[in-house]
Amino acid sequence: MNPVIGYTAIIVVALASALIGFYGLRVSRTTSDFYVASRTVRPWWNASAIGGEYLSAASFLGIAGLILLTGSAALWFPIGYTAGYLMLLLFVAAPLRRSGAYTIPDFTEARLESTAARRVTSLLVIVIGWFYIVPQLQGAALTVRITTGLPAWAGSLAVAVIVAVVVAAGGMRSITFVQAFQFWLKLTALAVPVFVVLLVVNGGEPPAQLTPAEAFPASAGPGDLDGYRTVSLMVALLFGTLGLPHVLVRFYTNPDGVAARRTTVIVLVLLSVFYLFPTAFGFLGRAFAPDLAAPGESDALILLLPDRLVPGPVGQVLTALVIAGAFAAFLSTSSGLVVSLAGVISQDLLGGSVRGFRIAAVISTFVPLVVALATESTGLAGSVGLVFAFTASTLAPVLILGIWWRGLTARGAVAGMLTGAVLSGAAILGGSALATWAPGIRPFLEQPAAWTVPLAVLVTVLVSRNDRRGAPRGADAFLTRLHVPEAARHRGAA
């Protein structure tokens, strides 16, 4: 691959993101602008920004790589990622916006009237955010190494520096503009190459063409699905979406609950369209680039396939486009995560000022950068899937029960979050070691959500029901605020 193409694409995306971000800085003047864009972001803008930050390295590169490796079994990832937003629409979006909170810890403290619950929530948000950023930086390392020939660490460092500067400069309002731009860039960067490649494939004999039987063996089809792993993965993706801090903070930026619901519906449409293209890339890769089907290398499929199937200047232009889209994916998701983390850290530790937000943004970027430089990627989609499992086991139960069950108490919430964190964390971090002496439990450790989520919910409910203090005194009033539409509340007040 010509390194000039890689350098050009990366520089153009970085400059465009920085310029749009600094434009946002011009209109970011208040603390509310930095935390929630003064709650004035309209549905289409917000949906585009959510798509920008949600469609991470796992979506842009990882899904195609997984399909290349495992065939149709990997289709559960885009299905789960998209269906998670349906869960948000049904259970979380509008009530969370009506809570009036800035961050998830703000919500748990207000709902449960407990600083202890807030501290545990804050810690979990920080852990989830940091470990979600790591795959983005590893994806940037892979992209820069393949497309420019630079050392892998240069990609991680470049993304970390750009994100820290843009977030610290303009906060949520600035990042909203940047992420909306990056979503449409990512969609274009996948859609155009797919259409061109399909035209070439249908119009001639592309290199390395395989017969359908070789491209799609029976082992790559639905008949080879592992029932437990599939169910557990779907539990992780469906419920994990409900607790992603960088996604939830987006609903605080809508003007009201109705706008939050509209935003979620638009996001569902945008995600459904987007995931058609990495899926198509994956199946094209199975047919025409089976040599890339190796762990650690399959994530590069989208970067390498256009130039392989469309040689010449057109192929180079398509390659530049997908490189630009990939870099936008790393920047947009990392930016959203850093905004949410900076909000939590600055609120809890640095006084909640604009200066505190900026310091927190740098801290939120530095820690995952160190982790990314010290570790190697084992597959982008798989890494993010484990983060979803952890989130589904910790924050998701408290959010759902906090919104829909009056009986939730602070002690129950803390017990449930800690139970989910310990069980899922042990499975994720120590699963490989445990499985060596008990191979039969390997699936339960590699995909733990199917048992960690129910246990976390059970502990939360049991401890809450046996808590002598009972539900917080203000629970009824708070739940009324969550579930009564703004217009009805205004009429009642009049």
Handout entry: Label-point separation, Leu276 to Ala154 (7 Å along Cα→Cβ), nm
Key = 3.7 nm
Fill in the blank from the handout: Taking every other residue with Cβ under 12 Å from the Cβ of Val463 and scoring Lys and Arg +1, Asp and Glu -1, one gets +3
Exercise for the section: May I ask you to compute the full-extension gain from Val161 to Asp291, defined as 0.36 nm times their residue separation minus their alpha-carbon distance, rounded to one decimal in nm? Expected result: 43.4 nm
Problem - Accessible surface of region 279-376 [probe 1.4 Å, protein heavy atoms]: carbon and sulfur percent - result: 67 percent
Completion exercise
Expected vector for region 233-239, Karplus 3J(HN,Hα) from phi with 6.51, -1.76, 1.60 and θ = phi - 60°, integer Hz, x for Gly and Pro, equals 4, 5, 4, 4, 6, 5, 7
Exercise for the section: Enter the Cα centre distance for the pair region 88-157 and region 317-363, rounded to the nearest angstrom. Expected result: 9 Å
Fill in the blank from the handout: Scoring only Lys, Arg, Asp and Glu (+1, +1, -1, -1) among other residues with Cβ under 12 Å from the Cβ of Phe478 yields +2
Fill in the blank from the handout: FRET efficiency (Val4, Asp476; Cβ distance; R0 60 Å; to 0.05) is 0.40
Handout entry: Extension gain, Ala426 back to Leu349 (0.36 nm per residue minus Cα-Cα distance, nm)
Key = 24.9 nm
Handout entry: Per-pair calculated FRET efficiency, R0 = 22 Å: Arg119 and Ala374 via Cβ, rounded to 0.05
Key = 0.20
Exercise for the section: Just order 187-197, 285-295 by mean Cβ neighbour count inside 10 Å, highest at the front, would you? Expected result: 187-197, 285-295
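The values are calculated or read from the model by the stated rules, or taken from the named source; none is laboratory data. Just so it is clear, the structure is predicted and the values come from calculations on it, not from any experiment. Ideal geometry is used to build each Cβ from the backbone, glycine not excepted, and the neighbour counts take in all protein chains shown. Note: accessible area is taken over every heavy atom of the protein model, side chains too, but ligands, DNA and RNA are not part of it. Shrake-Rupley method; radii C 1.70, N 1.55, O 1.52, S 1.80 Å.
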